[in-house]
Structure formats: structure tokens, C-alpha cells
2 protein chains.
Amino acid sequence: MSTIRQDPTTKEWVIVATNRAHRPRDSGTCPFCAGNESRTDPELLRIPDGGEWQVRVIPNGFAALSPADRVGRWEPGPLFREMAGVGHHEVIIDTPVHDRTMAFMSDEEVTVLLRAFRARHQALRADPNVRYILIFKNQGENAGTSLTHPHSQIVATPVAPLHVRQKYRVATGYYDDTGRCLYCDVLEAERAAGVRLVFDSPGFTVFEPFASQVPFETWIMPQHHQASFGQVSDGDITRLAPVVRRTLRALHEALDDPHFNLIIHSAPVEDEDKPYYLWHVQILPRVATIAGFELGSGMRVTSASPEESASVLRELVR
Amino acid sequence: MSTIRQDPTTKEWVIVATNRAHRPRDSGTCPFCAGNESRTDPELLRIPDGGEWQVRVIPNGFAALSPADRVGRWEPGPLFREMAGVGHHEVIIDTPVHDRTMAFMSDEEVTVLLRAFRARHQALRADPNVRYILIFKNQGENAGTSLTHPHSQIVATPVAPLHVRQKYRVATGYYDDTGRCLYCDVLEAERAAGVRLVFDSPGFTVFEPFASQVPFETWIMPQHHQASFGQVSDGDITRLAPVVRRTLRALHEALDDPHFNLIIHSAPVEDEDKPYYLWHVQILPRVATIAGFELGSGMRVTSASPEESASVLRELVR
């Protein structure tokens, strides 16, 4: 099992998972393609239950975290804190088809995939050791994937990341000051400004955020308040699917099949019922490299104006 | 001029520098090689002053930030804060020789380079608009460099990054609790543990930190208290040079000429005289890709145990 260690200078946690040193790369038969099901661990979820599957969820063969009854913590020395790498790390196989990315799926296929995301979110939420759940997709080598077949991942950690706590602190402070949800107000401010909007759709708004960290960073925000993706309704999933597909398709065209990370942000599990946070989808195209200034300072430098990116995407979604 | 925008959800600042979209890549004559001095902007520093140079410092031709008399701030809408991209962004040409990286320089050459770093740190420190100074090097394409000729960079920002504030908050809290410098105590704890030490040298200690973020992350720490690299003495620079060279040479051999970022962390300028912080060098080999989990949660996943990396490097520095 991996361990999770706290950096005494930042208080951030780092997962040390030496089993991940030899992750597989594409070679020979794809283990995620239809017909090769026996080459993966038994599935945790399969949609539909019987017959030909559309989405499968399996344990990550090179998991960063693994389930256990309880989370042990210890201090191997002064200033050093460590805990067992307890949690979950699953792979969602988006489709049985080797080269069918989300941008080119049907709305129905994306709907099934989003339902699988929600089902696993809810399942992991039930583990009392889980404090935080992140659903994400790495598409393309620059985005950190080692296998081509479209897949997503879900990681559940036994501790809330510092970055999430910081966002929560900002949102809580804003709520205390104003009585309103910061994310709802950001959405309203972006809609009022208009220049960074990509499109508005029933239930969801797509925009390039004011302080985009990378060229063509794109957010998809629900228009009504909900802290966690685990809480999303069937109706919202049906409305969200074409929005995700159209957004990814526009990015595909604008940036010529970019490598990207897609991240579904949710509140930490114990804060799901608080009115401070709004789950949302963040898409980060990996067209530039994170370099020394960014790693040293934590500040990002982007070479694109979000207003210009939004204007390009607006044309493409038409 | 670029602008700096605040992300309303994290309070972090992002530099929007659209001039950086078309940075040069290696092609034809190298502008950093001896004999091609006329192809860059006039130098800000040249060592030695006359005759053949060993190190040159020039303005970054694609600067993220630029000097100005004063820093303007404005709010283009509710929740949106922006300021002018005031600051400095300089390139330090490490050597006149196109392929002479720090790992293969003489101790005397590294000493001259470190003196150039310090001289520019002190020069930028004198600008009243500067709140924070970061010196760094991106070596190799995976580390974000676009030009092969060995060079480093110095960026001075008009605002302290959130990440630095967080480290400072942790260090201040520790100082308030214990009366001691957190970084000095981390150094002592690492020396006591021993398993992550690479080598001890008069004045400096090299180790793989307990919560290393990436495989072979390496820190070089001064053994006596000093908050900023701008304060370092001539004697310390002479002692540091062989330590940096030996460390980079060991990493070169361990990882077969890895791409890496080298970062010199210092306190924000207004905190240079406080006893909370210890400047240090951080080296981050770029052997793995920062992917969706890291970008979404801020937590890192590393596939190497720092104890094993330290043991590899210990053998190589002998």
C-alpha cells in the first residue's frame, strides 16, 4: 500500500505510490477494448448490466490509494507526518470503442458516462474513510495519460487537499460577508460581463474564467446550487451531456485535437450540504508546459486572453 | 504590457501575457552564444565587465512583467480584480558556450553564475514596486524551456504569491509556537533521520525531502539562517557552487540527463529580516507529467520513495 506524507513547510499531502513507477503504455492488445474484458480486474460497475457494455468501471491496476478498514497515522520523526494510502482509485472506461473520445460520442453515450461518474461518486461517498472525491480525465500524453483508449479516473482520498481547503476558506469568507455563494456570484458576474461567455444552455453555462490559468481554460457551471457532483439529478445529467460534448468538440476544433485534463470539482464530502460551493467542470488544455516560475511561485502565466479564446469558441459552437 | 488577474475562487494571481504566445524556439544562430551579443537587447549585467564575458543578463525578450513607475489596480467588474503587469523578467545567460550545462561547469564558473543571480536579486530588490523575487532555471523541453543554450531566469512580481503566503503562514505559526525557524528544524530533522540525506558539506546540506513531490526532488539548504538569497555572502557562494554542481551532476547520472527545474526560494522582500524562513534551492526533475489529479486537487502523486532516491544519489556523489 502507498503512504501519504505531509510536507511540513506547506502542510500539503503527497501520495508516495512506488507501485506507479511501471505503469503500462500502449502496446499490443488494448485491455480496455470490447472483447478484452478478461485482461482487467473484475468490474466494479458495468452499464448496462447485461449484454454489450457501454461503460465499465474497474480498480486502477496501478492504484495510488487502496481501500482499507481504517486510516492509520503515525509520525516517523519530529515534523514528519504520514498515513496509510487508504482510499480508492478507479478507472472508468468511457466506451468500448478504442478511439471514440467524448467530443465524438452521441449525447446518449455521454449521458451514460456521466451516470457512471455519479454512481461511483455516490458509492465511494459511502466509505467513512473518504473525505474528498475527484473525478478527472487525462486525454493525451501531455495531459499525463499512458493509455490511448478513452478513460477517466476517480480518486477518493482520506484527507481534504490544502488547495480545496483554501478554495473553501475563500468561499466561506465570502458567504459570511455577503450571505451568498461565491460560485453562483462568479457565474452571474461572468454572464453579466458576457465577453468570456461561450454559450448558455438550459441548466448550464460555459465560459472562459476571468483569471484563466492556461490558454482556453473552460468552465462548465450548473445554474442552480449544488455542492457536489454526487448530488446531480437525472434531468441535469441529461442536460449536461450535450453541453460537455459541444464544449469538447469546440476545443477539439479550436486547438486541433488538444491534449487536456477535464476535472469535476466537488466540495469535500463533509461539506456537501453547505451553501458555499458549486460543483463545476474545469477543462485545462495542455498546450503550454508548467515551468519553473509556476512550480516555484504557484502563480500561473498564460499567453492567451480569455476574452479572445471565448470569441473563438463562440464561433465554433454555432 | 501584460496584466495580472486575481482568481476570485482561490485569490491566486495569474499573469496574462499575450506577448508570450510566440516565444522563439531553437532555429539557426543561437542568440545566447558568444559572438551573437548584438542579437539580444542591451545587457543589464556582464561578468566580467570588459573582455570576454562569462555571464550576461538581458531583459527577457518575451517578458511576462515589465518595469513601470507605479502599479495600477482596477476592478473591471464585481469579483474581478486586475493590475498592470509591473515587475521584471530577465534572462541570465549562464555561459558563452552553447552546451555547457551547470553540471559540467567548473566550480569557478558556477560561482560567477551564482554571483550574477545575487547581483540581479539585489538590483530588483531596490525597486519599490517589487514584493517577491524568484530565480529559476528550466532545463529541457519537459521543464518548459524553448531554447537549448543554458540560461536561467529571474522574475520580480508586484504581489506575493498565495503559495508563498501559505508557506509563510505555516512558518510563522511554527515560530509563534516554538520560537524556532521551521526550515532550520526541518534541516535538523532530515539530518537526524539520515535516510534521505545525499551529502553534507561545509555550509550546505543536500537531501531528498520527506514529502518529495516528484521522483528525485532535491533540496540544497544553507546551514545557517538567512531568509533570502539576496543576503548570501561571498564565502557562502563559494561554498555553494561545488554543492550545486555535484548535485546536478549526480542527478544527471542517476536520471540520464533529465529535464529539470531548479528554483531558488526566498522570503517575500518585506519579510527578509524576519527569522521565519530559510532560502533554499529546490530541484524538480521532470520525469513524470503533472496530470488531472494533481491539477484538480493540488496534491501530488510520486512514484519514487525519497529514501531510495537518496541512496542512489549518495552512491553517485562519492
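Using unit Cβ charges (K, R positive; D, E negative) and no other charged atoms, how large, in debye to the nearest 20, is the dipole of region B:125-258 about its Cα centre? Kindly include the intermediate steps, with their values, before the conclusion.
Values: 13 positive and 15 negative charges, 64 e Å.
Dipole of region B:125-258, to the nearest 20 debye: 300 debye.
When you have a sec, figure out the Kirkwood radius of region B:1-120 from all distinct Cα pair distances and drop it here in Å to one decimal? Each step should come with its number before you reach the end.
Working: mean 1/r = 0.0599 Å⁻¹.
Every distinct Cα pair counted, the radius reaches 16.7 Å.
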Open item on the list: Could you check the spin-label model distance between B:Thr29 and A:Ser27? Points 7 Å from the Cα along Cα→Cβ, value in nm.
Closed with: 4.7 nm
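When you have a sec, figure out the Kirkwood radius of region B:60-162 from all distinct Cα pair distances and drop it here in Å to one decimal? Kindly include the intermediate steps, with their values, before the conclusion.
On the way: mean 1/r = 0.0653 Å⁻¹.
About 15.3 Å, per the Kirkwood formula over Cα pairs.
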Task: Geometric extent, Cα atoms of region A:117-175 - Rg, Dmax (angstrom) - done: 14.5, 42
Open item on the list: For the interface of chains A and B, what total accessible area is buried with a 1.4 Å probe, rounded to the nearest 100 Å²?
Closed with: 6100 Å²
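For chain B, which whole-number percentage of the solvent-accessible area (1.4 Å probe, protein heavy atoms only) is attributable to carbon and sulfur atoms?
On the way: 5880 of 12080 Å².
On chain B, the fraction of accessible area on carbon and sulfur atoms equals 49 percent.
Return one whole number: the accessible area per residue of region B:8-58 in Å², for a 1.4 Å probe. Could you put the intermediate results ahead of the total?
On the way: 2790 Å² over 51 residues.
Using a 1.4 Å probe on heavy atoms only, each residue of region B:8-58 averages 55 Å².
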Open item on the list: Can you give me the orientation-averaged projected area of the convex hull built on the Cα atoms of chain A, in nm²?
Closed with: 17.3 nm²
- [ ] Please name which of A:Ala291, B:Pro215, B:Trp74 has its Cα lying farthest along the dipole of the protein assembly as shown towards the positive end, using unit charges on Cβ (Lys, Arg +1; Asp, Glu -1) and the Cα centre as origin.
- [x] B:Trp74
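Translational diffusion coefficient, Stokes-Einstein: compute it for region B:173-318 using the Kirkwood radius over C-alpha pairs as Rh, at 37 °C and 0.692 mPa s, and state it as an integer in µm² s⁻¹.
Details: Rh = 16.0 Å.
My calculation gives 205 µm²/s for D.
If you wrap the protein assembly as shown's Cα atoms in a convex hull and average its projection over all directions, what's the area in nm²? Mind showing how you got there, number by number?
Details: hull surface 113.0 nm².
Mean orientational projected area (the protein assembly as shown, Cα hull): 28.3 nm².
Based on the alpha-carbon gyration tensor of region A:166-252 and its eigenvalue square roots a ≥ b ≥ c, which shape applies: rounded if a/c is under 1.5, prolate if not and a/b is larger than b/c, or oblate? Present the calculation step by step, with values, prior to reporting the outcome.
Values: a/c = 1.89, a/b = 1.28, b/c = 1.48.
Oblate shape, in that a/c is at least 1.5 and b/c is the bigger or equal ratio.
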Task: Gaussian network model of chain A, springs between alpha carbon atoms under 10 Å - residue of A:His98, A:His89, A:His280 with greatest fluctuation - done: A:His98
- [ ] Could you pull out every residue, at least 5 positions away or on a different chain, whose amide H is within less than 5 Å of the one on B:His280? Hs are placed 1.01 Å off N in the peptide plane, and Pro or chain starts have none.
- [x] B:His265
Task: Kirkwood Rh in Å, taken over all unlike Cα pairs in region A:40-95 - done: 13.5 Å
- [ ] Would you be so kind as to list the residues of region A:185-233 that have their accessible area lowered by at least 40 Å² in the full protein complex compared with their chain by itself (1.4 Å probe)?
- [x] A:Val186, A:Ala189, A:Phe210, A:Ala211
Task: Solvent-accessible ranking of B:Leu65, A:Leu79, largest area first, probe 1.4 Å - done: A:Leu79, B:Leu65
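State, as an integer percentage, the relative contact order of chain A based on alpha-carbon contacts under 8 Å between residues 6 or more apart. Can you show the working numbers first?
Working: 640 pairs, mean separation 55.5, N = 318.
Value for chain A: 17 percent.
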Task: Förster radius 45 Å - calculated FRET efficiency between A:Glu308 and B:Glu253, Cβ distance, rounded to 0.05 - done: 0.50
Task: Cβ-vector label at 7 Å, B:Arg169, separations to other copies in nm - done: 0.1
TODO: In nm to one decimal, list the spacings between the A:Thr148 label point and its equivalents in the other copies, with label points set 7 Å along Cα to Cβ, shortest first.
DONE: 3.0
- [ ] Mean Kyte-Doolittle of at least -0.5 plus a Cα span of 18 Å or more along the axis: flag which DSSP H helices in chain A meet both, please.
- [x] A:107-125, A:234-255
Task: B:Glu12 long-range amide H proximity, modeled H, under 5 Å - done: B:Asp7
Task: Charged-residue dipole, Cβ positions (Lys, Arg, Asp, Glu), the protein assembly as shown about Cα centre, Debye nearest 20 - done: 300 debye
- [ ] Mind telling me which of B:Val130, B:Val214, B:Val186 comes out most flexible in a GNM of chain B, alpha-carbon contacts under 10 Å?
- [x] B:Val186
Open item on the list: At 0.36 nm per residue, and after removing the present C-alpha to C-alpha distance, how many nm does the segment from A:Met83 to A:Leu316 gain when stretched out fully?
Closed with: 79.1 nm
Task: Minimum Cβ-to-axis distance in chain B for the rotation onto chain A, with residue, whole Å - done: B:Ile290, 3
Task: For A:Arg100, solvent-accessible area (1.4 Å; no DNA, RNA or ligand), Å² - done: 80 Å²
Task: Distances in nm from A:Pro76 to the matching label points in the other copies, shortest first (labels 7 Å along Cα to Cβ) - done: 4.8
Task: Most mobile listed residue (A:Arg196, A:Arg245, A:Arg165) in chain A, GNM with C-alpha springs under 10 Å - done: A:Arg165
TODO: Report which residues of region B:11-32 become buried by 30 Å² or more of accessible surface when going from the isolated chain to the complete set of protein chains (1.4 Å probe; DNA, RNA and ligands ignored).
DONE: B:Val14, B:Ile15, B:Val16, B:Thr18
Task: About the Cα centre, charge dipole magnitude for region A:232-277 (Lys/Arg +1, Asp/Glu -1 at Cβ), debye - done: 260 debye
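Taking 0.36 nm per intervening residue step and subtracting the Cα-Cα distance, what contour gain separates A:His224 from A:Phe104 on full extension? It would help to have the intermediate numbers written out before the result.
On the way: separation 120, 0.36 × 120 = 43.20 nm, distance 2.75 nm.
Here the segment from A:His224 to A:Phe104 would lengthen by 40.4 nm.
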Open item on the list: Using the alpha carbons of region A:72-121, what is the convex hull volume per residue in cubic angstrom, as a whole number?
Closed with: 132 Å³
- [ ] Quick one: which residues, 5 or more positions from B:Arg300 or on another chain, have an amide H under 5 Å from its amide H? H modelled 1.01 Å from N in the peptide plane, none for Pro or chain starts.
- [x] A:Ile15
Open item on the list: Going through the cross-link list B:Lys11/B:Lys167; A:Lys137/B:Lys167; A:Lys137/B:Lys137, which pairs have a Cα-Cα distance over 26 Å in this structure?
Closed with: A:Lys137/B:Lys167; A:Lys137/B:Lys137
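The values are calculated or read from the model by the stated rules, or taken from the named source; none is laboratory data. Predicted, not measured: the structure shown is a model, and the values here were computed from it. Note: ideal-geometry Cβ built from the backbone for every residue, glycine included; neighbour counts use all protein chains shown. Only protein heavy atoms, including side chains, enter the accessible area calculation; ligands, DNA and RNA are left aside. Shrake-Rupley method; radii C 1.70, N 1.55, O 1.52, S 1.80 Å.
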